[in-house]
Ligand SMILES: Cc1cc2nc3c(=O)[nH]c(=O)nc-3n(C[C@H](O)[C@H](O)[C@H](O)COP(=O)(O)OP(=O)(O)OC[C@H]3O[C@@H](n4cnc5c(N)ncnc54)[C@H](O)[C@@H]3O)c2cc1C
């Protein structure tokens with residue numbers, strides 16, 4: 001750590017001597033840090049968020065099932081008993097392999113420079129719009145807690161605004177949801193929107209029938225869940241259709257704006273009017289991968305991932321390791337298990353070096369299989385050659401996901417919240433949108449003409465009384481130009 005960082009009082013060293021800096025507190029980085037718990041080293045875990053995010057359950061935040069805190073415990077709290085480790089909330093802006101320094105920017109914009117003897121980079125991945133970055137404005141993706149909360153607001157606001165409008169065409173647009181990409185995240189997301197529309201919301205609305213929502217899943221390949229087994233794909237397809245999801249295969253989003261998405265499919269080009277589009281189609285490695293690759297003199301792959309040596313070190317830099325979604329190694333997929341296992345492995349290598357023991361053999365991946373949920377009591381799992389569908393797969397999925405959450409409080413809290421939301425109340429307990437958020441969505445989508453009639457139920461009777469819970473017309477929040 002340089003004087004600059006120490007002077008800032010941001011981090012304190014344990015005085016162990018060997019400085020390990022770990023960038024990223026996701027599955028890869030956090031497990032490397034945990035493996036170093038008893039190492040004779042001074043470990044700094046730096047992340048631009050203050051939490052470890054369990055991304056596989058993000059869609060449940062977007063659907064209002066789980067509150068964000070259950071899947072995003074504070075990194076500082078996770079490492080509180082690890083005396084050789086300190087957590088730092090800062091964004092890494094530069095890595096200098098020659099000087100062995102990491103430059104970071106703290107939330108108050110001060111610069112902190114961290115010197116290292118060993119560096120572990122686990123920056124994860126970000127959205128990829130396959131060269132159509134302009135789509136990002138119209139079809140947000142889901143990678144962070146902010147993304148999931150934003151999507152929750154958008155999905156729920158669409159139902160609110162549909163309740164307000166009396167124009168059938170506008171109502172249909174508001175009740176059309178298009179998810180682009182039928183990988184696990186896309187499937188899970190449409191499944192949740194379908195459950196909201198068909199099971200959770202119908203009795204909560206007076207003017208609209210939420211069951212009329214059109215929920216569309218677009219996929220460029222010829223099947224849903226492209227990397228999965230055919231039997232599991234067929235099951236998923238069937239269940240989604242039964243849930244009311246329209247599946248468009250071999251279909252690519254080729255254009256979009258605030259009101260529509262244009263799709264090129266087997267039957268030609270079609271424009272679907274919709275107000276909510278969600279991107280679940282592609283990922284690209286963290287820019288930290290390119291930063292490392294340029295200095296190490298290696299080429300990143302098409303997804304921007306840096307190739308690493310069999311021990312996860314970066315070419316020509318045995319003191320630098322890169323792991324997780326941002327690396328290409330043995331054609332491993334960008335999912336949690338490779339990142340998690342690489343994190344443990346790298347921690348072991350660092351410890352062995354520090355203790356002067358022989359280092360472990362090259363990294364080998366233990367494939368524990370893959371799974372995806374579709375909806376309540378419907379999931380697919382492919383583990384150790386066994387293909388499972390339905391309730392059993394759903395229970396396996398739930399067990400595995402709860403087991404990998406950090407902390408017993410979060411595990412029990414998640415089980416309780418699931419039981420309440422899915423079994424006992426059939427409600428979603430975290431359906432929070434505020435007027436401010438709904439308003440900002442309307443600002444994004446200009447309103448219909450000002451003379452659009454207000455909803456009928458709010459018309460006062462002859463004696464001026466207003467039905468319970470409704471405001472007189474002049475006070476009805478139009479969520480449009482007139483409201484502010
Ligand atoms: C919506 C969604 C659903 C998923 N579902 C599944 C699933 O069901 N099963 C499965 O196995 N996998 C799933 N994945 C993939 C899995 O979450 C990732 O493969 C895994 O998180 C990768 O771990 P990682 O450590 O490489 O990166 P991450 O877990 O993404 O961690 C990267 C960390 O680096 C930090 N960071 C990035 N850049 C900087 C910087 N410049 N400065 C400081 N900090 C930085 C980030 O804040 C983050 O904390 C899903 C992913 C998403 C987005």
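Each reported figure results from applying straightforward, stated rules to the coordinates on display, with no laboratory input. Since we're looking at a predicted model, the values are computed, not measured. A quick note on method: Cβ atoms are made from the backbone with ideal geometry, for glycine too, and the neighbour counts reach across all protein chains shown.
Estimate the FRET efficiency between residue 262 and residue 335 by the formula 1/(1 + (r/R0)^6), using the beta-carbon distance for r and 35 Å for R0, to the nearest 0.05. About 0.70, to the nearest 0.05. Cβ-to-Cβ counts within 10 Å put 108, 96 in ascending order as 108, 96, the fewest first. Report the residues of the stretch 402-425 in range of a label on residue 383: point 7 Å along Cα→C-beta, backbone N strictly under 12 Å from it. Flagged as within label range: 402-404. Please state the shape class of the stretch 32-104: rounded when a/c is under 1.5, otherwise prolate if a/b exceeds b/c and oblate if not, all from the C-alpha gyration tensor. Cα axes put the stretch 32-104 in the oblate bin.
Restricting attention to the chain, close to 55% of DSSP beta bridges with both partner residues there are antiparallel. Listed peptides 239-246, 74-81 appear in the order 239-246, 74-81 once ranked by packing, highest mean of other Cβ atoms within 10 Å at the front. Using only Cα atoms, locate the centre of the stretch 56-71 and the centre of the stretch 344-393, then give the distance between them in Å, rounded to an integer. Each part's Cα centre sits 23 Å from the other's. For the chain, the relative contact order comes to 17 percent (Cα pairs under 8 Å, sequence separation of at least 6).
Beta bridges from DSSP with both residues in the stretch 281-429: antiparallel share about 85 percent, rounded to the nearest 5. Computed over the alpha-carbon atoms, the stretch 384-433 gives an Rg to Rh ratio of 1.06, Rh here being the Kirkwood radius from the mean inverse distance. What FRET efficiency comes out for the pair residue 319/residue 254, r = Cβ-Cβ distance, R0 = 41 Å, nearest 0.05? According to the calculation, E is roughly 0.35. With the alpha-carbon atoms of the chain aligned to their principal axes, the span from lowest to highest coordinate is 87, 53, 43 Å, starting with the largest. Shown is the FRET efficiency for residue 98 and residue 137, computed with R0 = 41 Å from the Cβ-Cβ distance and rounded to the nearest 0.05: 0.60.
Coordinate range of the alpha-carbon atoms in the stretch 133-279 per principal axis, descending: 42, 34, 32 Å. By DSSP, the beta bridges lying fully in the stretch 133-279 are antiparallel in about 45 percent of cases. Sorted fewest first by neighbouring Cβ atoms within 10 angstrom, 426, 351 come out as 426, 351.
Quick one: 228, 435, 384, fewest Cβ neighbours within 10 Å first, how do they rank? Please list the in-between numbers first.
On the way: 228 23, 435 11, 384 7.
Starting with the residue having the fewest Cβ neighbours, the order is 384, 435, 228.
Rounded, prolate or oblate: pick one for the stretch 286-414, where a ≥ b ≥ c are the square roots of the eigenvalues of its C-alpha gyration tensor, a/c under 1.5 means rounded, and failing that, prolate if a/b is larger than b/c, else oblate.
On the way: a/c = 2.36, a/b = 1.80, b/c = 1.31.
It is prolate, given that a/c is not under 1.5 and a/b is the larger ratio.
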